[in-house]
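Note sheet for the following structure.
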Amino acid sequence: MSDKVALITGITGQDGAYLAEYLLKMGYMVHGIKRRASSFNTDRIDHLYEDPHKEGRRLILHYGDMTDSLNITRIIKEVQPDEIYNLAAMSHVKVSFDTPEYTANADALGTLRILEAVRLLDLTKKTRIYQASTSELYGLVQEVPQKETTPFYPRSPYAVAKLYGYWITVNYREAYGIHANNGILFNHESPLRGETFVTRKITRAVSRIVLGHESCLYLGNLSSKRDWGHAKDYVRAMHAILQQPEPSDYVIATGITTTVRDFVRMAFAEVGVGVCFEGEGIHERAFVETVEKNKFIDVVGEEYLPIVNSLKGKTIVAVDPAYFRPTEVDLLIGDPTKSKTILGWEPEYDLPALIADMVSNDIKLTKKETYLRDGGYQTLNYYE
Ligand code: NDP
Ligand code: GDR
């Protein structure tokens, strides 16, 4: 068991939640920074939450924001962390085209604020830093598979902000000797993934379509290719990076790439629904070709068979250009050789296992919604 103190920015996000759980299991004292919001935003870590009045609690949350230097510095001063995991970011690539200045402030300058606080507080020898860098840095394809030495060519305000975060981390390592590291993580997903990222959007729609809550999933670019892994595996790599004697930068990826279109096929196949794509560009669509009864009953349940049978021949996926990006990243496929060799990191989930995990979780959530709807509780609001 460890007696270390970790500070996680972005603890309420997908990775923050898995990492907090992982570090708590190892005996860490975990501090997390969360933003103030007008409603609760701690769903992903509610199971880890401890009453502030409880003696000896291991998880402590602080209000804060990556755009506020004073608050970041004060929290780091109070916490005196052995390890900082800088996961907080405006992390949605498409949204970064709508909020480029804010994205630069939170994602680029936010990283600087952490590094500079560590320097000003004389923690350069004590505190190790993990920076959440991204495969989006590679952007326009220069070389495949992408590895630590592949040149960057960012293609969105998000990726450009993260490019600054990457290099300022390298610079503080070289200038001040901080154990500052970049994890260049390829896409990683889970049942905790935000609902507007493409994988979760798909697995959620699969469950909602087969349970009769909606009829069609609208997507953007079906041909883009991503190297998708499971967030649970990727947070283990973040921790392993900070345990190395020397700081460095690591690609974390599976080495396998898949199109969005194939992800859709696989997610529907997970519930026994065979879909067929036809048409091109904005006219491309997918319709239900087959239903594998036994598989459907196993994963979803016999009582829902009439719903899925009624979908045969119907269009359930269509393209909406609103989801296209002004500049796209067409192909990501990572080479994880360095992390496998030096960190000894191996992912436990492959893509089918990831999809099975996400689909089964979304089916559970949609069934819950069904029960609430059928019980007459779905529209209940504060004023009723
Ligand atoms: P999420 O979007 O799920 O979580 C982002 C977290 O950052 C949330 O806790 C969010 O708070 C917080 N946050 C956003 N803006 C601010 C701000 N201004 N001040 C304080 N906190 C803020 O992202 P993931 O967990 O998926 O990703 C974690 C990190 O890894 C991000 O930096 C992302 O860019 C990077 N990354 C992710 C990859 C992936 O595939 N998931 C791949 C490579 C890199 P709130 O809950 O209030 O919104
Ligand atoms: P990405 O993830 O941009 O790779 O960034 P996202 O899931 O948003 O997109 C992946 C690919 O799918 C295409 N796509 C759609 N995307 C969304 N969100 N919605 C759609 O309807 C849709 N249709 C097609 C996209 O065009 C894209 O090509 C994620 C984030 O977690 C970043 O923070 C992280 O740095 C990178 O992964 C690695």
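Structure above, values below:
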quantity: Proximal aspartates and glutamates to Lys314, defined as alpha-carbon separation beneath 17 angstrom and excluding residues fewer than eight positions away on the same chain; calculated: Glu214, Glu278, Glu284, Glu289, Glu292
quantity: Distance from region 271-297 to region 323-355 (C-alpha centre basis), Å; calculated: 26 Å
quantity: Between 0 and 90°, nearest 10: helix 260-269 axis offset from the chain longest Cα axis; calculated: 60 degrees
quantity: Using alpha-carbon coordinates, inclination of helix 157-176 to the longest axis of the chain, degrees; calculated: 30 degrees
quantity: Restraint check, Lys4/Lys125; Lys125/Lys340; Lys126/Lys147; Lys34/Lys367; Lys232/Lys340; Lys225/Lys364, Cα-Cα greater than 21 Å; calculated: Lys125/Lys340; Lys126/Lys147; Lys34/Lys367; Lys225/Lys364
quantity: Dipole in debye (nearest 20) - the chain, about Cα centre, beta carbon charges: Lys, Arg +1; Asp, Glu -1; calculated: 440 debye
quantity: Per-peptide average of other Cβ atoms within 10 Å, ordering 208-218, 275-285 highest first; calculated: 208-218, 275-285
quantity: For Glu189, distant residues with modelled amide H under 5 Å away; calculated: Gly229, His230, Ala231
quantity: Surrounding net charge for Arg204, when Lys and Arg each add one and Asp and Glu each subtract one, Cβ distance under 14 Å; calculated: 0
quantity: Volume per residue of the C-alpha convex hull in region 209-354, rounded to whole Å³; calculated: 135 Å³
quantity: MRE, 222 nm, helices only [DSSP H, n ≥ 4, -39500 (n - 2.57), over the chain, to nearest 500]; calculated: -10500 deg cm²/dmol
quantity: Length-normalised contact order of region 61-157 in % [C-alpha pairs under 8 Å, at least 6 apart]; calculated: 32 percent
quantity: Three-way shape label, region 317-365, alpha-carbon gyration tensor, a/c 1.5; calculated: oblate
quantity: Length gained when the stretch Met1-Leu120 is fully extended (0.36 nm per residue, less Cα-Cα span); calculated: 39.8 nm
quantity: When the convex hull of its Cα atoms is projected in every direction, mean area for region 3-184 (nm²); calculated: 11.1 nm²
quantity: Rounded D (µm²/s) - the chain, Kirkwood Rh over Cα pairs, Stokes-Einstein at 10 °C, 1.306 mPa s; calculated: 72 µm²/s
quantity: Distance between region 167-236 and region 57-71 - C-alpha centres, whole angstrom; calculated: 24 Å
quantity: Difference of contour (0.36 nm per residue) and Cα-Cα distance, Thr290 to Arg74; calculated: 71.9 nm
quantity: Protection-proxy order for peptides 130-142, 246-258, each taking the mean of Cβ atoms within 10 Å per residue, highest first; calculated: 130-142, 246-258
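We did not get these values from a lab; they are worked out from the coordinates using the rules stated. In this text, all values refer to a predicted model and were calculated from it rather than measured experimentally. Every residue, glycine as well, gets a Cβ built from its backbone with ideal geometry; the counts of neighbours run over all protein chains shown.
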